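Working notes, structure below.
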Amino acid sequence: MRANKPFLILLALGAVCALFSAGPHAQLIEPTRSLEGAPDGTGLLSVLSEPPGMDVQLDGKVIGKTPIFSARFPPGVHVLRVGGSETEIQIAAGKTFAISWFKGAFIEIPETAKPPAETAQGLPQPGAAPRPEEPPAAQPGTANDPYYWPLNPRGPIY
């Protein structure tokens, strides 16, 4: 009977563990919807300046120092102040608005076209625009020469 006592204790302990582990799983409810890809109703703001480190305010509230990348704000018309200059900007939901302050003037940075998607091997996807060919090197043999410096007015460095 002495050999059976540890077995019975382990059996009882296993049954108690099975009860506790089955309890939380039995109460889980599968989600019916996902928030992935749902619009959150905000737009992104990126602010650059020359020189960097200038104070930035949006609608009279300090939001940081330049550069600011991808800060979320509600869509609509806002007053942006960088240093001593201010301008009105339009932030659209789900879009990025990028602006730069340079030599006392604001420059809006347009969204650029994204490059065509490529596979891991560097080959274009079907339906993607072909990549332009690189122009040939000005002088043969200089493209791979580690000592060639085209901007040196005295010639290559050896």
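The numbers here are math on the coordinates, done by the rules we state, and not lab data. If you're wondering where the values come from, they're calculated on a predicted model, not measured in any experiment. Here the Cβ positions follow ideal geometry from the backbone for every residue, glycine too, while neighbour counts run over all protein chains shown.
The table for this structure:
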{"item": "Dipole magnitude of region 54-100, debye to nearest 20 (Cβ charges: Lys/Arg +1, Asp/Glu -1, about Cα centre)", "result": "180"}
{"item": "Gain on full stretching of the segment that runs from A92 to D55 - 0.36 nm per residue minus C-alpha separation", "result": "11.0 nm"}
{"item": "For I63, I29, order by how many other beta-carbon atoms lie within 10 Å, fewest first", "result": "I29, I63"}
{"item": "Per residue Cα convex hull volume in Å³ - calculated over region 43-109", "result": "68"}
{"item": "Ranking of S100, S49 by count of other Cβ atoms within 10 Å, fewest first", "result": "S100, S49"}
{"item": "Distance (nanometres) between label positions extended 7 Å along Cα→Cβ at V79 and L8", "result": "8.4"}
{"item": "K5, K65 arranged by Cβ crowding within 10 Å, fewest neighbours leading", "result": "K5, K65"}
{"item": "Considering only region 43-109, percent of DSSP beta bridges that pair antiparallel, nearest 5", "result": "75"}
